[in-house]
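See below for the structure under consideration.
The values are calculated or read from the model by the stated rules, or taken from the named source; none is laboratory data. The structure displayed is predicted, hence computed values, not measured ones. Ideal geometry is used to build each Cβ from the backbone, glycine not excepted, and the neighbour counts take in all protein chains shown.
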Ligand SMILES: *Cc1c(COP(=O)(O)O)cnc(C)c1O
């Protein structure tokens, strides 16, 4: 299997090379070069790891990384993704809980899969260095997934004073080979620094720099696996392909679900639920695709005005026909968190609430047709400051998040300059200080 760029001006590469590069050299994103064939009836889904190694086998065929696929899947899918019905009187709405990983968000799956791949790609030429500029879930998930590895190290950049105490802790609590850099600047400064490092050929080559955001196909492919597992289960149970409601920011989840449907898994309609950011919704209603500055919302992991995976969506036949889009503003998110808690006692995070709200807005005939699966993308405890006042009670952390809270923090402060980042990459400059 080869992968080509969405922009069509880069050579086709194998999966290992596509993961190693992140983006294609022409600025596009890697997609499979041709149709992918899966014998859906032959898939065994006793565990996510087992299902993952069969489902992803064709994508890894012909690359040495493919030899490690079962081990990579075992490392990435080592926690469950349960499908629950929060209200027994409403069995036609299920929640796919993707937040049982070590940092409490679905990004654990993609980050663990990707770091397991990088670990094997590093090898004899020395470790690959992952640079992540983060204000949200990705940095913590990547740090956690890189801890203790030898083929890959992770450098996390975050803006000083602009992340919550809980977020900062989740970025700074990981041991070697993970380091956190507190940048004297804002999030854009962090992103510019990362881009400047990638654009410096000597620096990029010396440290084997790569990235871990969702343009990397190594984060997208594993996301197909839990959708496949949930779809197979509901299809077996009801005989009808379930619909999916997906909280959407950079469209990583949406593209993974569409790819899974494309290879023949029993996946019905896909609804992309966005927060108040309107780029996707405006495009879907027939407008041009017009990226906008991102609007801050209470579902902040979805504050995206220029969805980075749009190029992959656009590559599919009839892209507008693939999905519907539901925009859910902050007031509607708050109202849905409150109403769901009153109805069933279930506590939604702000992101997951956009998906449940999108289900509520379906017309009754569409609701009655099939089981719908809403992705629950983060544990509500991560957004306790938003959620607790709405439901009028305190949340308790799940064991994984409680374990993080008990760890020590280590970070290093740097000015927002490429020289300072280069020194940190080389292991020079001030030592990491305990916080
Ligand atoms: C990243 C994230 C999303 C958005 O996912 P995309 O694949 O970027 O569309 C939704 N919810 C949470 C909690 C996230 O961290």
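What about residue 93, is it modelled with pLDDT of 95 or more, touching a helix residue (DSSP H, G or I) at 6+ places or on another chain (Cβ under 7 Å) and surrounded by fewer than 23 Cβ atoms within 10 Å (Cβ to Cβ)? Step through it out loud before you land on a result.
On the way: modelled with pLDDT of 95 or more: yes; touching a helix residue (DSSP H, G or I) at 6+ places or on another chain (Cβ under 7 Å): yes; surrounded by fewer than 23 Cβ atoms within 10 Å (Cβ to Cβ): yes.
Criteria met by residue 93.
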Could you tell me whether residue 263 is more than 10 Å from the ligand (Cβ to nearest atom) and over 24 Å from residue 302 (Cβ atoms)?
yes
Reported set for region 196-230 where residues are touching a strand residue (DSSP E or B) at 6+ places or on another chain (Cβ under 8 Å) and either away from the ligand (no atom under 16 Å from the Cβ) or modelled with pLDDT of 95 or more (or both) is 197, 198, 203, 207, 208, 209, 210, 217, 226, 227, 230
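Checking the conditions here, which among 401, 421 is in a helix (DSSP H, G or I), more than 30 Å from residue 226 (Cα to Cα) and in contact (Cβ under 8 Å) with a residue 24 or more places away in the chain? Please lay out each step first, then the result.
Values: 401 fails: more than 30 Å from residue 226 (Cα to Cα).
Of the residues listed, the single one that is in a helix (DSSP H, G or I), more than 30 Å from residue 226 (Cα to Cα) and in contact (Cβ under 8 Å) with a residue 24 or more places away in the chain is 421.
Yes/no matrix, rows are residues, columns are (1) more than 19 Å from residue 80 (Cβ to Cβ); (2) in contact with a helix residue (DSSP H, G or I) (Cβ under 7 Å, 6 or more places away or on another chain):
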site: 103; (1), (2): no, yes
site: 112; (1), (2): no, yes
site: 124; (1), (2): yes, no
site: 128; (1), (2): yes, yes
site: 145; (1), (2): no, yes
site: 152; (1), (2): yes, yes
Next on the checklist: Taking the criterion of being buried (at least 17 other Cβ atoms within 10 Å of the Cβ) and within 9 Å of the ligand (Cβ to nearest atom), would at least one residue in region 277-288 satisfy it?
Outcome noted: no
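Among the helices (runs of 4 or more DSSP H) lying completely within region 325-371, list those that include at least 1 residues that are within 20 Å of residue 248 (Cα to Cα) and within 14 Å of the ligand (Cβ to nearest atom). Quick ask: steps written out before the conclusion?
Working: elements: 330-344, 350-360, 364-369.
So the answer is 330-344, 350-360.
Given the condition in contact with a strand residue (DSSP E or B) (Cβ under 6 Å, 6 or more places away or on another chain) and at pLDDT 95 or above, answer yes or no: does some residue in region 416-423 qualify?
From region 416-423, those in contact with a strand residue (DSSP E or B) (Cβ under 6 Å, 6 or more places away or on another chain) are 416, 420; that's our starting set.
From what is left, the residues that are at pLDDT 95 or above are 416, 420.
Yes, there is a match, as at least one residue in region 416-423 is in contact with a strand residue (DSSP E or B) (Cβ under 6 Å, 6 or more places away or on another chain) and at pLDDT 95 or above.
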Residues in region 295-306: is at least one at pLDDT 95 or above, surrounded by fewer than 18 Cβ atoms within 10 Å (Cβ to Cβ) and away from the ligand (no atom under 14 Å from the Cβ)? no
Residue hits (region 240-259; more than 13 Å from the ligand (Cβ to nearest atom) and in contact with a strand residue (DSSP E or B) (Cβ under 9 Å, 6 or more places away or on another chain)) are 242, 243
Over region 279-303, the set of residues under 20 Å from the mean Cα position of the chain (by Cα) and in contact (Cβ under 8 Å) with a residue 24 or more places away in the chain is 279, 280, 297, 298, 299, 300, 301, 302, 303
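For region 107-204, list the helices (runs of 4 or more DSSP H) that sit wholly inside it and hold at least 2 residues that are within 22 Å of residue 74 (Cβ to Cβ); which are they?
Values: elements: 107-122, 137-146, 165-172, 187-199.
The helices (runs of 4 or more DSSP H) meeting that bar are 107-122, 137-146.
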Residue pairs within 6 Å by beta carbon, gap of at least six or interchain, first lying in region 208-219 and closer than 16 Å to residue 120 by Cβ, second assigned to a helix (DSSP H, G or I) and away from the ligand (no atom under 15 Å from the Cβ), listed first then second, are 217/18; 218/19; 218/117
How many residues of region 85-103 are under 26 Å from the mean Cα position of the chain (by Cα) and without any contact (Cβ under 8 Å) to a residue 24 or more places away in the chain? The answer is 1
Over region 24-46, the set of residues surrounded by 12 or more Cβ atoms within 10 Å (Cβ to Cβ), in contact (Cβ under 8 Å) with a residue 24 or more places away in the chain and either touching a helix residue (DSSP H, G or I) at 6+ places or on another chain (Cβ under 9 Å) or in a helix (DSSP H, G or I) (or both) is 28, 29, 30, 31, 32, 36, 38, 40, 43, 45
Given (1) crowded, with 19+ Cβ neighbours inside 10 Å; (2) away from the ligand (no atom under 15 Å from the Cβ); (3) assigned to a loop (DSSP other than H, G, I, E, B), residue 390 misses just (3)
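In region 76-83, is there at least one residue being outside any helix (DSSP H, G or I), under 29 Å from residue 341 (Cβ atoms) and without any contact (Cβ under 8 Å) to a residue 24 or more places away in the chain? Lay out the reasoning, then the answer.
Going through region 76-83, the residues outside any helix (DSSP H, G or I) turn out to be 77-83.
Restricting the remaining residues to those that are under 29 Å from residue 341 (Cβ atoms) gives 79-83.
Within this subset, residues satisfying the condition of being without any contact (Cβ under 8 Å) to a residue 24 or more places away in the chain are 82.
Yes, there is a match, as at least one residue in region 76-83 is outside any helix (DSSP H, G or I), under 29 Å from residue 341 (Cβ atoms) and without any contact (Cβ under 8 Å) to a residue 24 or more places away in the chain.
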